[in-house]
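Take a look at the structure below.
Here, each number is a calculation from the coordinates, and none is a lab measurement. Predicted model only: the values in this text are computed from it and were never measured. Cβ placement follows ideal geometry from the backbone for every residue including glycine, while neighbour counts extend to all protein chains displayed.
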Amino acid sequence: MTEFVIHLNRETDHWPESLEPALLRATEAVLGACLRVPAETVELGITLADDATVHDLNREHRDQDKPTNVLSFPLIDDFDDAEPEAPGVPLMLGDVILAFETVAREAAGQGKSLADHAVHLVVHGLLHLLGHDHRDDDEAEAMERLETGILSRLGIADPYSSSPERP
């Protein structure tokens, strides 16, 4: 059985601590449902940041001069060939970073709880770490099916049923 090591980093105190167990459960649900790599240990980071931090990262890494709700920084280019560097060495997936102000504003605007929206964005970001994307309609549909299935198992409604926007 694969051990999951999840580093939950808080870069701002705006995020409620009560949210952390839900984010960890969501991470374990995604990894349990979607990870198909032979690894004893899988490691990743989730950072609870603010808009300023995400704005800087978005500008630096994506040439987008604005904050966004979630950023993913995968450390694996091709999941078809992913495996640890050596036995006993963790497989490093990468990092998911959430922007508090944007996530809170979107949740309020969509009539969702902050917790449900943050969990959705963590699921979305983790799927990116696992090689999923939404660059074309087929990819988007497949990724949305994965997201909504995982979210349903976590007791969260389909985030795409009332909003055509993607994270």
Q) What longest range of the chain stays clear of loop-exposed trypsin sites (Lys or Arg not before Pro) (DSSP non-H/G/I/E/B, at most 15 other C-beta within 10 angstrom)? A) 37-134
Q. Let a ≥ b ≥ c be the square roots of the eigenvalues of the Cα gyration tensor of the range 1-64; is it rounded (a/c under 1.5), or, if not, prolate (a/b larger than b/c) or oblate?
A. oblate
Q: Would you mind working out the magnitude of the charge dipole of the chain relative to its Cα centre, with +1 at each Lys and Arg C-beta and -1 at each Asp and Glu C-beta, to the nearest 20 Debye?
A: 600
Q | Proximal charge balance of Leu154 [Cβ under 13 Å; K/R count +1, D/E count -1] | A | -2
Q. Out of residues 5 or more away from Leu91 or on other chains, whose amide H comes under 5 Å of its own, with H placed 1.01 Å from N in the peptide plane?
A. Thr41, Val42, Glu43
Q) Once both axes come from the Cα atoms, what is the angle between helix 20-34 and the longest principal axis of the chain, in degrees from 0 to 90, rounded to 10? A) 50
Q. Summing +1 for each Lys or Arg and -1 for each Asp or Glu, what net charge is found among the other residues whose Cβ lies under 14 Å from the Cβ of Asp65?
A. -1
Q.
Using a 10 Å cut-off around each Cβ, can you sort Val119, Val37 from fewest to most neighbouring Cβ atoms?
A. Val37, Val119
Q. Per-residue ellipticity at 222 nm for the chain, helices alone: DSSP H runs ≥ 4 residues times -39500 (n - 2.57), over residue total, nearest 500 deg cm²/dmol?
A. -14000 deg cm²/dmol
